[in-house]
Structure formats: C-alpha cells, structure tokens
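Here's the structure, in structure tokens; my notes come after.
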Amino acid sequence: MDFDQWRAAWFATMRAKGHTPILDSDGDIDQFVVSGGYHNGPGCSACGWECCMHCTDMERIPDCTQVRADQAARDKAEREKLTDIIGAFVP
Ligand SMILES: [Zn+2]
Ligand SMILES: [Zn+2]
C-alpha cells in the first residue's frame, strides 16, 4: 500500500466510523487539523474528535459519539412512528 492508498483507506475508515471530516478550503479532508512537528491528522466536525493519523492505526479510530446520539434519536422516532402505525391496525 503506498502513502496515497494508506491515506485514502484511513479517511474511509474514519467516515465508516461515523465521523464527519473537517474539510479544507479546497473541499478536501483537512489533514492538518492536528499539526505539530511530524504529527498531523484530521478532525471531526460532529464530535470534535481529532488525532494524529500517523500515530493512530486506522483500526483504532473510535466511533463517532455524535452520530451515535443522533442515530439513537432517529431510531427512537422511527420506532414510535411504527408503533403508531401498528397501533392503528390493532382493534
Ligand atoms: Zn466524530
Ligand atoms: Zn503523531
């Protein structure tokens, strides 16, 4: 895997974990949200998570906590809607 492939895989994993990457002015994922010395990496605009992508294995990227909260609220709303619909058919 060359560097570009590794970086693309890293960002894909970040998105798969639910994060919303902060973008730079060109609309690309900003790789310098974290920046210091040899360290740099992206951040999430939803949960505020950020890290150095060189120090963090992509397998160790945490789930986005913000998406979880939103999703839980959506799931609950969906369930309640379904309960209403089912309730209308139950005598
Ligand atoms: Zn996040
Ligand atoms: Zn680092």
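No value in this document is a laboratory result; all are computed from the given coordinates. Keep in mind it's a predicted model, so treat the numbers as computed, not measured. Cβ: placed from backbone, ideal geometry, glycine included. Neighbour counts: every protein chain shown.
Stretching residue 16 away from residue 70 to a fully extended chain increases their span by 17.9 nm, per 0.36 nm per residue minus the current alpha-carbon distance. Counted by Cβ distance under 14 Å from residue 57, the other residues give a net charge of +2, where Lys and Arg count +1 and Asp and Glu count -1. Taking amide hydrogens as placed 1.01 Å from N in the peptide plane, the amide H of residue 45 sits under 5 Å from those of 20, 22, each at least 5 positions away in sequence or on another chain.
Work out the length of the dipole vector of the chain about its Cα centre, built from +1 on the beta-carbon of each Lys and Arg and -1 on the beta-carbon of each Asp and Glu, and round it to the nearest 20 debye.
Numbers: 9 positive and 15 negative charges, 83 e Å.
Here the chain has a charge dipole of around 400 debye.
If you take the Cα Rg of segment 3-89 and divide it by 2.2 N^0.38 Å, with N the number of residues, what do you get? All intermediate terms of the calculation are to be shown ahead of the outcome.
Working: Rg = 17.4 Å, N = 87, 2.2 N^0.38 = 12.0 Å.
Against the empirical 2.2 N^0.38 Å value, I get 1.45 for segment 3-89.
In this simple spin-label model, placing a label point 7 Å from the Cα along the Cα-to-Cβ direction at both residue 8 and residue 28 gives a separation of 1.3 nm. With Cα atoms defining each centre, segment 76-91 and segment 14-70 are spaced 38 Å apart in the structure.
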